[in-house]
Every structure is written in structure tokens, then in C-alpha cells.
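Scroll down for the structure; my scribbles are underneath it.
The values are calculated or read from the model by the stated rules, or taken from the named source; none is laboratory data. What you see is a predicted model; the values in this text were computed from it and never measured. Note that we place each Cβ from the backbone using ideal geometry, even for glycine, and neighbour counts take in every protein chain shown.
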Amino acid sequence: MQQDKQPEYGPVVFRDRTAGYAFLTRSTATSERTIDWDDGETYPVIDVEISSESHPFYTGKARTVDSEGRIAKFERRYGEGEGAAGSS
């Protein structure tokens, strides 16, 4: 493996502005913008639109928008019990 072809791997801050949450990790991603972190160091910062702090799956605030139930829609489309397999 050629060493000069590998991307630089270093500390980067990912920031979720909607949740007011940021975390420091290592990544090959880079940015021109920087942020002063809690340890007094300056790191590149990458703004993300969604993270575990704002994603509905992780926060438990998932909404299910089902104005018409799937069963009702199926019965309306194919009829209730008409032509069902095994019925005589």
C-alpha cells in the first residue's frame, strides 16, 4: 500500500446545529472552518443536518403519519374477503 495515496486521518468536530450538539472524533473529512473545543485546541468543524441527538429513531419522537390505515386501504382496493384464496 502506498503511504502518499492515503487521506489524512485526524480529529474533526461534527456539529448538529438543530440539536445544539457537537462531538469530537477522528475522520478523513476536512473543512476550512474551525472551532475552539473544550480542551483549548482548534479543530476543523463539519456541520451536519441530523445526528443521533436529533434523529427521530434515536430520540423516540418518531411520528407515524397514517391518515388511512393500511388494512382499510387494502380492503377498499380489493374488497373485504372477496376472491380470497381458499374461499369457495
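Is it true that some residue in the range 10-18 is at pLDDT below 75 and over 17 Å from the mean Cα position of the chain (by Cα)?
No, the range 10-18 contains no residue that is at pLDDT below 75 and over 17 Å from the mean Cα position of the chain (by Cα).
Within the set of pairs 6+ apart or on separate chains, which have a first residue in the range 13-42 that is in a strand (DSSP E or B), a second that is basic (Lys, Arg), and C-beta atoms under 7 Å apart?
That search, which allows pairs on different chains as well, returns 22/15.
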